[in-house]
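J.: Pasting a structure below so you can have a look.
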Amino acid sequence: MSSLAMVDYINAERKAKAEEEGLTFPCRKYRRLKHKNFMAKVPKVLGETSAKFLADDIYAVG
């Protein structure tokens with residue numbers, strides 16, 4: 001799962017929880033996660049293993 005897909009998944013979960021509670025999304029309790037904020041939090045959560053997550057992927061064309 002790419003980081004963009006993870007952000008979309010987290011936002012979908014937050015939206016569902018907000019709607020269950022009768023709240024709008026985004027709101028004070030369930031905020032919308034942005035990709036740049038997510039990427040800033042990755043090293044804090046994953047620690048030393050974050051380098052594997054943040055590494056560039058090399059794609060072959062052909």
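What follows is calculated from the coordinates using simple rules that are stated; it is not laboratory data. For clarity, every value in this text was computed on a predicted model and none was experimentally measured.
J.: In Å, what Kirkwood hydrodynamic radius results for the range 3-54 from the alpha-carbon pair distances? If you can, show how the numbers build up before the last one.
T.: Values: mean 1/r = 0.0837 Å⁻¹.
Over the range 3-54, the inverse of the mean reciprocal pair distance is 12.0 Å.
J.: Stretch GLU19-ARG31 to full length: gain in nm at 0.36 nm per residue minus the Cα-Cα span? Walk me through the intermediate numbers first.
T.: Values: separation 12, 0.36 × 12 = 4.32 nm, distance 1.28 nm.
Residue separation times 0.36 nm, minus the Cα-Cα distance, leaves 3.0 nm.
J.: Determine the gain in length on full extension of the stretch MET1-VAL42; use 0.36 nm per residue of separation and subtract their C-alpha separation, reporting nm with one decimal. Don't skip to the answer; put the middle values down first.
T.: Values: separation 41, 0.36 × 41 = 14.76 nm, distance 1.43 nm.
Full extension from MET1 to VAL42 adds 13.3 nm.
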